Every structure is written in C-alpha cells, then in structure tokens.
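One structure is given here, and the rest of the page talks about it.
The values are calculated or read from the model by the stated rules, or taken from the named source; none is laboratory data. In this text, all values refer to a predicted model and were calculated from it rather than measured experimentally. Glycine also receives a Cβ, built like all others from the backbone with ideal geometry; neighbour counts cover every protein chain displayed.
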Amino acid sequence: MSSKIIYKNNSLKRIAIFAYFGHIAKSPSTISTIETLAENGFFVDIFTVKYQIFPLPIFSSPNIAFHPASSRNIIRLRGSKFIRYIYSAFRIINRRKYHCLIGIDQNGLIVANIIGRLFSIQVLYYSLELFYWKDMLNLKSKIKKRLEVLLNKHTIATIVQDKVRGETLVKENRIPKAKLIFVPNSFIMEPSHRTESNYLQRRFAIPKDKRLILMAGGIGDWTMSKKLAQVAYDWPEEWVFIIHGEGKKNYLDELRPLCDGKHVVLSDKMVPYTELDELIGSADIGLALYENWHQGIFEMSKASGKIWQYLRCGLPVITMDFPSLVDLIEGEKCGICVNSEKEVKIAIEKIFADYDHYSNNAVECYSNHGDFRKGFDSVLKLLKNI
C-alpha cells in the first residue's frame, strides 16, 4: 500500500462529486474516491439521484455528505429529472466555496462543467464507462457524446482505469494522453492477503471439505450466469458453484430453477461492501466471465471491480481471453483466461493443481497493479497544486 498524502490546514476545502446514477453502493471507484478524499482532509459532497438500487454506503468520516436530488417539481421543471438535479446541486454549491468538482461519466461531466463555469471552479472528469461514437445511434446520445468531447477538453485531468481504456478515451474524445490519470476500479481496504473465512459455508451450510467457485457481481446473460450454472453440473461433486450478486427479477426467476442449493447456489442478497472481504475470502477461485457484446467489455482490463476484489483476497481468477485481461491475469500468472464457459472446468483443475502458486501471485498482482491509493496519489497531488 502506498503512503497516504495528508494535507495540513485544508480541512475546509470542499470537493463536489456529481454521480448521476443509482448504484453508488456497487461502484468501487466512487466509494474509494469518496473515502480517500475524506481521509486526506477534504470535505466531500456527493450529488446523486434520490433512487438508489441499494442503500447508500455509510462512512465513518464526518466529512462526507450525500445530497440526493430533490424529486419535487422545482420552478415548474416538470418531467426533467436531470434539470432538477442540476438545480438542486446549484442551490447548495451557490452557498459554499469549492476547491474542485469531479464529474463521473457523461452526466456528471456535463453538470460539473455547467456549475464550474458559473462559479469558476476547476473540473476533473472521472470516466467509469466508455462511450463510443459508433454506439451513438439517436439524437440524444449524439448530443451527449458531443458534449462529453467538448467538455472533456476543458477539464484539468481525466481519471480512467488503465492505459487500454485511456487510449480509447484519447481517440474518442480527442484529448492529450498527458491529461490521463490511471486509477484501478478497486475498493480501499486492508492490504492484500489470502483471506481466510467461512462466510459462505456458514450462510449456506456447505460442508468444509467442499471447494467453492465464486461468481460475484452482476447476474445476467452478459456475465454468462445461466450458462455457468448449467455447465457446473458437470463439475466434480466436491466443487460448489456460488452465484452471488444482483440481477433483474425476471432473469433471477429464470436462474433459480438451475440452482439446486447444493451443487449450484444462488446468493442474491446483497451485503455491505465492508463484508465483501469475508464473503469472497471464503471461496477458492473467482470467476469473471463476460459475453463480448460491447467494446467496453472487450476492453475491460482494470475496470472489473470483482477481479480486483478476488485478487486482493488471494483468489486465483478465471476470466475471458480478451487481450487486456490476458495481459493482466496470465501475464501475472494469477489465473487462467478462457474462450467460453465450457473451458472453465479444465481451468479450475489447472489452478487447483498448483493452487498456492496462483493464490500468492493473485495477492502480488493486486499489490502491484490494483491498489487504488497508489493510482489516486496522482489525483491528490493534482488537487494539492490547484
């Protein structure tokens, strides 16, 4: 873990984060950014939407405040949640002095720039999702993409997960590489180590002699959830496949019949991110498979939060053979990349045959490439110099 940068006499400096989405609780980058800024002497205001898929995370620091956008029809702005969001943020920011504004993804960038221009405040762009020109098929998406490109040029820097996705941003938004700061999509917790736990065993009454294969995160066709549940019945009896995460109700209803509760277990009750170490540490191998439906998935690289969580807890990873993932996972010898769900069984057997080697490399890989604070140090230095 890198040493923290602690600023003196700047406790009154405020940072505003614009997160116009309803899944903050499952966004490692957003949570880690909030925590890191607060522990380095900033007061952090997070402007978000009122409806959240999961309850907003609870932080111990008193220097963090959430401001969900008002759902009232303010000044007759009927039917425009985005305008009400901007207006709600404006009313608060108008009464305070801010050191910097951080806009997350397109909507956050647009709001941060509007308010930044009104009050002469510097803006940082935090790119979590990639928006490609080729996917902008309607007028609204084209306008938002044009605004992203235009406004990105006026930010003091752009935070992105890794060089692969950074190269895409440089090409799509026509910004200089020098404006990029690379920060992996990971939580900030204790130093990486092989976590020993029996969390899932206790929760689902799984015998201690079973080996647990875990797929955590989003549940849906894009993560091959049903395909994996089906092929898991061809695995040895001593392996138990756990599907933990959240998904749409209709999809979960289709998935449940494929989960017998013994060989394949569905765990769709979400837990606070502070319990993730214990949950993930009770498994032996982590799966992160994706359908290649979108270029953003193909360029996943260091943007997969669950891969970093697996590695931080010492779990070897089985993921897709996308070039960026092959470079990370097989390059660091902390897992195996496959072409389809049918190859997972063989990959598991290979890992169990040399488990300690893969597990130790997983911890090392996280320490070298997945430590959020190491990447975010560059952001803190930039903020210090504003």
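For this structure, a couple of remarks:
- Within region 317-333, the residues that satisfy the criterion of being farther than 17 Å from Gly305 by Cα and in a loop (DSSP other than H, G, I, E, B) are Asp321, Gly331, Glu332, Lys333.
- Output for region 254-273, where each listed residue is without any contact (Cβ under 8 Å) to a residue 12 or more places away in the chain and closer than 20 Å to Phe54 by Cβ: Lys269, Val271
- Yes/no for Ile307 being crowded, with 17+ Cβ neighbours inside 10 Å and either charged (D, E, K, R) or within 19 Å of Val164 (Cβ to Cβ) (or both): yes
The rows are residues; the columns are (1) β-branched (Val, Ile, Thr); (2) under 24 Å from Ile102 (Cβ atoms).
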{"residue": "Gly286", "(1), (2)": "no, no"}
{"residue": "Trp293", "(1), (2)": "no, no"}
{"residue": "Ile297", "(1), (2)": "yes, no"}
{"residue": "Pro323", "(1), (2)": "no, no"}
{"residue": "Val326", "(1), (2)": "yes, no"}
{"residue": "Gly331", "(1), (2)": "no, no"}
{"residue": "Glu364", "(1), (2)": "no, no"}
{"residue": "His369", "(1), (2)": "no, yes"}
{"residue": "Asp377", "(1), (2)": "no, yes"}
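- Residue in region 145-156 that is hydrophobic (A, V, I, L, M, F, W, C), in a helix (DSSP H, G or I) and modelled with pLDDT under 95 present: no
- Residues in region 69-88 that are loosely packed, with under 15 Cβ neighbours inside 10 Å and of a type in the set (Val, Ile, Thr) were compared, and the one that is modelled with the lowest pLDDT is Ile75.
- Residue within region 353-372 that is touching a strand residue (DSSP E or B) at 6+ places or on another chain (Cβ under 6 Å) and either touching a residue at least 60 places away in the same chain (Cβ under 8 Å) or more than 25 Å from Leu212 (Cβ to Cβ) (or both) present: no
- Restricted to region 221-301, the set of strands (runs of 3 or more DSSP E) holding at least 1 residues that are polar (S, T, N, Q) comprises 264-267.
- Residue match in region 146-153 (condition: surrounded by fewer than 20 Cβ atoms within 10 Å (Cβ to Cβ) and either of a type in the set (Ser, Thr, Tyr) or within 30 Å of Asn360 (Cβ to Cβ) (or both)): no
- Restricting attention to region 157-192, the residues being of a type in the set (D, E, K, R) and assigned to a loop (DSSP other than H, G, I, E, B) number 3.
- Within region 166-179, considering residues that are surrounded by fewer than 21 Cβ atoms within 10 Å (Cβ to Cβ) and hydrophobic (A, V, I, L, M, F, W, C), the one farthest from Glu148 (Cα to Cα): Ala178
- Close contacts from region 20-31, counting a first residue that is surrounded by 17 or more Cβ atoms within 10 Å (Cβ to Cβ) and a second that is of a type in the set (Gly, Ala, Ser), with Cβ to Cβ under 7 Å and a gap of 6+ residues or different chains, come to Tyr20/Gly108; Pro28/Ser186; Pro28/Gly305; Thr30/Ala19.
- Beta carbons closer than 8 Å, at least 6 apart along the sequence or on distinct chains, pair a first residue in region 50-68 that is within 15 Å of Tyr20 (Cα to Cα) with a second that is of a type in the set (Phe, Trp, Tyr) for Leu56/Phe66; His67/Phe47.
- A single member of Val240, Val265, Val231 is closer than 18 Å to Lys306 by Cβ and either surrounded by 17 or more Cβ atoms within 10 Å (Cβ to Cβ) or assigned by TED's automatic domain parsing to the domain that holds Thr319 (or both), and it is Val265.
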